[in-house]
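The next block holds one structure in the form of structure tokens; read it before the comments.
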There are 2 protein chains.
Amino acid sequence: MATIRDVAKLAGVSVATVSRVLNQNGYVNEETEKRVRQAMKELNYKPSEVARALFKKTSKTIGLIVPDITNPFFPELVRAVEDVMNIYDYTVILCNSDEKTDKEKEYIEVLKQKYVDGIILTTNQLQLDEVSEWDIPVVVLDRPLSRSYPSVIADNYGGARLATKHLYDTGCRKIAHIQGPPHVVNAIERFRGYRDEMMERGLWDERLIISGNYQLKQAKEAVIEALNKYDIDGIFAGNDAMAVGALKAVQQLGLRVPDDIAIIGYDGIPLTEMTTPELSTISQPIYEMGAIAARILIKKIEGKPLEKLHYVLPVELVVRQSTRKGE
Amino acid sequence: MATIRDVAKLAGVSVATVSRVLNQNGYVNEETEKRVRQAMKELNYKPSEVARALFKKTSKTIGLIVPDITNPFFPELVRAVEDVMNIYDYTVILCNSDEKTDKEKEYIEVLKQKYVDGIILTTNQLQLDEVSEWDIPVVVLDRPLSRSYPSVIADNYGGARLATKHLYDTGCRKIAHIQGPPHVVNAIERFRGYRDEMMERGLWDERLIISGNYQLKQAKEAVIEALNKYDIDGIFAGNDAMAVGALKAVQQLGLRVPDDIAIIGYDGIPLTEMTTPELSTISQPIYEMGAIAARILIKKIEGKPLEKLHYVLPVELVVRQSTRKGE
């Protein structure tokens, strides 16, 4: 395969001149450019993607930083980003940050060194001012960082109200909420939705708040503890994994779902169809969220105008056996 | 930030000369090299990762091709590869091939264009001779392609015998097997293990083979059909998703698991702990498989000798409620 040096030699010019022609900047006189292009043609020279990246400071690659791909919410999101990027000939570097600030910063340094064209972030750790300093396009997915970056989220507040109201409609009055991690924006929004719905109905009782961390096992333990202390007839879990934990807790105590305690989750991951009984949930358009974030990032990279800066996608109530009483 | 051109200018040499110094190949006389290094120092010039890639034809990046990250077997595998690569300062480009040959080939072309240092493949589609033509290190993960590439798999044949024997030990005699896709190597190996165990015990009956495609829904339908036709008291599913399908089928027909029909899956994904009853399974060391593949690839990239070419990792029988009769 011909190299840039072969081209320079055949055209009788320096490598720097060939690179100026490839790069289409810096002065090259017309006659010289013609000779270089002729040499490229004769030698069937194709600059590699890496050479392009060096010349154009672009790599047709983006970085996608997720907390942890093994969290069952993220595979579908990652898949959506990769699918859209593939259509536009971009590749995706996947990074797991474990929500650790240091790890995120390191990844961002590495991604910049590799001239990625943009980054999709699903994180809570980085501070606004740190993100502002980057000189590459950024789209924030699922967990909004600020009002100045494009973001894609689903309607967490509205979804939480919907879930709480659904439990109310099935006859529940002592509705507990398993809260997600207190520093995570979507968990806070879901808690707010639950609280406002309970307050409006005159059912608010803060003892019914169960602390969770989005993990199944911790939720199971916490629900067992709560059920031993308080009278509860419905549980709205801040995500589906914790809803499975609640289901296991209720079953372990010999109570029936939904007749003794109805349960609804949040996210709509495939897992909710695999339990017995199957779990009601608030379904987020996970694939669509990833796909929209990817399309926005491409527009930003290509310098095209965005239709809007913030996308808040609607969620959907999915009713299954875990809230269908008396069936 | 200083560029390679600034360095060339200050040192009074061509860009090509600077690149030869960076690259440490091609002739540069001692005096010139000294001047170039001095200029780099003065300008605090740091070649970007992309420039390094161009000079050294290495990018500190690897490609990881999986069939589909949303298949619950792969997130943990991907996570392990990324964790190990991160330790060694490599980034990971994730590609979903959907097991389509065309898509795999396109990805491989793109990855080569980006000078990835190596590729980890989990695929059945590419032919041996196609892989042989690549001039970059390749490690085959989970689904062995050939005897000439390093590979990491778990003991599919032994695991299948273990699963079948376990059902036998719990008292099952009419043991059905839900087979994976007929072109997938691990599915074939698991089928072979089942068949040999059944034959040795004089229980072989080919009507008890249920065709599956590793998907929950299709397995559920197929199991309902089989249970309506044949007398079955145990089911060994070729993967965990199909075991969940079998569980739903049995429950839908009003039969009890494990007392009427015992069920065991294969893989050991987290899902198996989330069903009721929890599913027995053959647990593969998924994270370890990914981590070993990553370490082998790094050794190959760095030109170090491998301790061995093929790793066959042991699997483990995990007994849970779905095969604990009479409890």
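Between copies, B:E307 shows label-point distances of 5.5 nm, shortest first, with the point placed 7 angstrom from Cα along Cα to C-beta. Put simply, the C-alpha atoms of the stretch B:134-226 give a gyration tensor, and the ellipsoid matching it has half-axes of 29, 17, 10 Å, longest first. What are the distances, in nm and sorted shortest first, from the label point of A:K174 to the label points of the same position in each other copy, with each label point placed 7 Å from Cα along the Cα-to-Cβ direction? Between copies, matching label points for A:K174 lie 4.7 nm apart. Dividing the convex hull volume of the alpha-carbon atoms in the stretch B:280-327 by its residue count gives 59 Å³ per residue.
Here the Karplus relation 6.51 cos²θ - 1.76 cosθ + 1.60, evaluated at θ = phi - 60°, turns the backbone of the stretch A:276-283 into coupling constants of 10, x, 5, 9, 5, 7, 9, 8 Hz, with x for every Gly and Pro. Toward the positive end of the charge dipole of the protein assembly as shown, with +1 on the Cβ of Lys and Arg and -1 on the Cβ of Asp and Glu, the farthest Cα among A:A237, A:G290, B:I62 is that of B:I62. Applying Stokes-Einstein at 10 °C and 1.306 mPa s to the Kirkwood radius of the stretch A:106-261, computed over alpha-carbon pairs, gives a translational diffusion coefficient of 92 µm² s⁻¹.
In chain A, the DSSP-assigned H stretches of four residues or longer account for a calculated mean residue ellipticity at 222 nm of -13500 deg cm²/dmol, using -39500 (n - 2.57) per stretch and the full residue count as denominator. Take B:K105, move 7 Å from Cα toward the beta carbon, and the resulting point lies 4.7 nm from the same point in each other copy, nearest first. For the segment B:4-10, counting C-beta atoms of other chains within 10 Å of every residue's C-beta and taking the mean gives 1.
For chain A, a simple Cβ point-charge model (Lys and Arg +1, Asp and Glu -1, everything else neutral) yields a dipole of about 920 debye relative to the Cα centre. Kirkwood hydrodynamic radius of the protein assembly as shown, from the reciprocal of the average inverse Cα-Cα distance over all distinct pairs: 27.5 Å.
Of the residues A:K299, A:K220, A:K41, the one that moves most in a GNM of chain A with alpha-carbon contacts below 10 Å is A:K41. Computed on chain A, with alpha-carbon pairs under 8 angstrom and 6+ residues apart, the relative contact order is 16 percent. For B:A154, the residues 5 or more places off, or on other chains, whose built amide H falls under 5 Å of its own are B:L313.
Evaluated with a Cβ-only charge set (Lys, Arg +1; Asp, Glu -1), the protein assembly as shown carries a dipole of roughly 1680 debye about its Cα centre, given to the nearest 20. Per-residue shielding of B:88-95, expressed as the average number of other chain Cβ atoms within 10 Å of the residue Cβ, stands at 5. Bridges between two residues of the protein assembly as shown, per DSSP, are antiparallel at a rate of about 10%. Using the alpha carbons alone, the radius of gyration of the stretch B:211-298 stands to its Kirkwood radius in an Rg to Rh ratio of 1.09.
To the nearest 20 Debye, how big is the dipole of the stretch B:185-327 about its Cα centre, given +1 on the beta carbon of each Lys and Arg and -1 on that of each Asp and Glu?
Charge dipole of the stretch B:185-327: 440 debye, to the nearest 20.
Beta bridges from DSSP with both residues in the stretch A:225-327: antiparallel share about 30 percent, rounded to the nearest 5. Restricting the calculation to Cα atoms, chain A yields a radius of gyration followed by a Dmax of 26.1, 87 Å.
Throughout, read-outs are computed from the coordinates displayed, never taken from laboratory work. Nothing here was measured: the structure is a model prediction, and the numbers come from that model. Neighbour counts run over all protein chains shown; Cβ positions are idealised from the backbone, glycine included.
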